[in-house]
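Chemist: Handing you this structure, nothing more for now.
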Amino acid sequence: MIGIIGAMTVEVENLIAAMSDKITQTISEVVYYKGKIENIDCVVAKCGVGKVAAAICAQTMILKYQPSAVINVGVAGGIGENIHIGDIVVSSGLVQHDMDTTAIGDEKGLISGLNIITIPASSRLVDLVVSTARKIYGEGVHVGVIATGDQFISSADKLKNIALEFKASACEMEGGSIAQVCYINHVDFVVIRAISDNADDAANIDFAAFAISSAHKTAELIKNILPGI
Ligand code: ADE
């Protein structure tokens, strides 16, 4: 069983449409779609936006469906000059850029309890996603740190801080939380994001223009990855 989580309808709708033998179950207001995509057993859910919603969904999915791997799919803001709208960023690891206990002497982003800053994604899944994506798209496929926080980043200043502090390639609002849930449950995970904007002062305009096409791109990629998983 492979678990797939997206925050918004556009990020999961094409996967749900591609699912056969569909059964749904609603838990804590999240609908879980269980069935087959490309003949692989999958459970797909739209978790909603932000770290709390994502954690509720990931933990419930793991307890109820016991997925062997969880994929977080969707869009992100690109960080850095070589990351363009429409590109794919595959997570080498996840950081939570809004985790901040520096006032008591910790490093920025340290996850108290786990005592790490970056939660590593499954290298097996990263390799599979990257090789599949490069076969399909050629250029514009990157591996890098993805930074998560409960903020839509739309300012060059904020972006600069995240880039400097975490050397991240993309920012979004769920991946780091899903990563933490998977990490403590010993479940493999990877985050796959297509860039909808550059998290700068024009991010709100770009997001409105490109979120749908970028979201559909990652869903298409998942369909190509599943047979190799
Ligand atoms: N998801 C897509 N673009 C984003 C941004 N700029 N900040 C946070 N999450 C995003």
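Chemist: Looking only at the stretch 77-108, which residues are under 18 Å from the mean Cα position of the chain (by Cα) and either part of a strand (DSSP E or B) or away from the ligand (no atom under 14 Å from the Cβ) (or both)?
Modeler: Gly77, Gly78, Ile88, Val89, Val90, Ser91, Ser92, Gly93, Leu94, Val95, Gln96, Met99
Chemist: When the residues of the stretch 193-213 are narrowed to those that are farther than 24 Å from Val130 by Cα and among the aliphatic types (A, V, I, L, M), which ends up nearest to the ligand (Cβ to nearest atom)?
Modeler: Ala203
Chemist: Any residue at all in the stretch 164-176 that's in a strand (DSSP E or B), within 24 Å of Pro67 (Cα to Cα) and of a type in the set (A, V, I, L, M, F, W, C)?
Modeler: So far as the stretch 164-176 goes, no, none of its residues is in a strand (DSSP E or B), within 24 Å of Pro67 (Cα to Cα) and of a type in the set (A, V, I, L, M, F, W, C).
Chemist: Name the residue that is nearest to the ligand (Cβ to nearest atom), counting only residues in the stretch 130-155 that are surrounded by 17 or more Cβ atoms within 10 Å (Cβ to Cβ) and of a type in the set (S, T, N, Q).
Modeler: My answer is Ser154.
Chemist: Based on this model, can you work out whether Cys47 counts as under 17 Å from the mean Cα position of the chain (by Cα), at pLDDT 95 or above, surrounded by 21 or more Cβ atoms within 10 Å (Cβ to Cβ) and more than 29 Å from Gln151 (Cβ to Cβ)?
Modeler: In short, no.
Chemist: His186 fails exactly one of the following numbered conditions: (1) touching a residue at least 40 places away in the same chain (Cβ under 8 Å); (2) part of a loop (DSSP other than H, G, I, E, B); (3) more than 9 Å from the ligand (Cβ to nearest atom); (4) not aromatic (Phe, Trp, Tyr). What is the number of that condition?
Modeler: Condition (1) is where His186 drops out.
The values are calculated or read from the model by the stated rules, or taken from the named source; none is laboratory data. What you see is a predicted model, and the numbers here were worked out from it, not measured in a lab. Here the Cβ is made from the backbone with ideal geometry for all residues, glycine too, and neighbour counts use every protein chain on show.
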